Amino acid sequence: MVKQFINRAAQIVSNAARFSVEFLFPSSCPLCGAPVSTDGELCAECWTMFNWIGRPCCELCGYPFPANLDLGSHPLCPNCASGGCALDLIRSACVYDGVSRDAVLPFKHAGRIHNAKFMSRAMIWALRDVDIAPDIVMPIPLAYRRLFHRGYNQATLLARPIANAFGVPMDLDSVHRSYRPDMGHKNAAQRAENIHGVFRVKRPENVCGRKILLVDDVMTTGATFAEMRRVLMNAGAIAVYGVTFCRVARAI
Ligand SMILES: [Zn+2]
Ligand SMILES: [Zn+2]
């Protein structure tokens, strides 16, 4: 009897505490602040504003094709059809546009790390029907100087839940990135030239013989991915995949 009373009292206190927390800090949409049922999730209105990438898309790089286009079961974009895919497979959750930019830029530069939750969930969703089995998940490294100024690597925040979803370790220290000034609005050739040689595999034993899933927030030209793949394959990796929250998808 006494035990039951104590249990009930504990339950009431715990419910009251939960109610107070929810009353004081209700779950809200990270973008507009509207109430949502699950912490970190987008509200329905914000969710529909994104240009989410589904099928049909390029089988290799995930480039989105118009929905009414019947390209068969293994569609390839012209770049991938000519062997130009930066990695062995890439997927992105949505197209880079005004809406995704407004989610990514504050996340990357203004400490809005709360956005990582819905972004990483969308990235896991983007990988739902691809046949890959990575051994490690690796966020694109940040140069120490940038890490020092920013305080965090946004790609690491996205990579952690993705590594958990695959049940594999996250690798944060096998590749070193040296500092280069910002790439700004350079074209594909200039970006490729600017990124060449910035990555160095410090611990080849960690990547040799492994299938690696790279994680980044945005894919612009794919030059960063291609350069990472080059150094990882030189160090003995057997496959390099990539996933980003959004990607530039110019008309082809
Ligand atoms: Zn919202
Ligand atoms: Zn493609």
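Where a number appears in this text, it was derived from the coordinates with a stated rule and is not lab data. The structure presented is a predicted model; accordingly, all values stated were derived computationally and were not measured. Glycine gets a Cβ as well: all are built from the backbone with ideal geometry, and neighbour counts include every protein chain shown.
Structure notes:
- Look at where the Cα atoms of region 97-173 and of region 199-213 average out, and the two centres are 19 Å apart.
- Span per principal axis, largest first, for the Cα atoms of region 54-191 (Å): 48, 37, 30
- Net charge, HIS196 excluded, C-beta distance under 11 Å - Lys, Arg +1, Asp, Glu -1: +1
- Cα-based Kirkwood hydrodynamic radius, region 149-252, one decimal, Å: 14.7
- The convex hull around the C-alpha trace of the chain, projected and averaged over every direction, spans 17.9 square nanometres.
- Restricting attention to the chain, close to 25% of DSSP beta bridges with both partner residues there are antiparallel.
- Only Lys, Arg (+1) and Asp, Glu (-1) charged, at Cβ; the chain dipole about Cα centre in debye: 700
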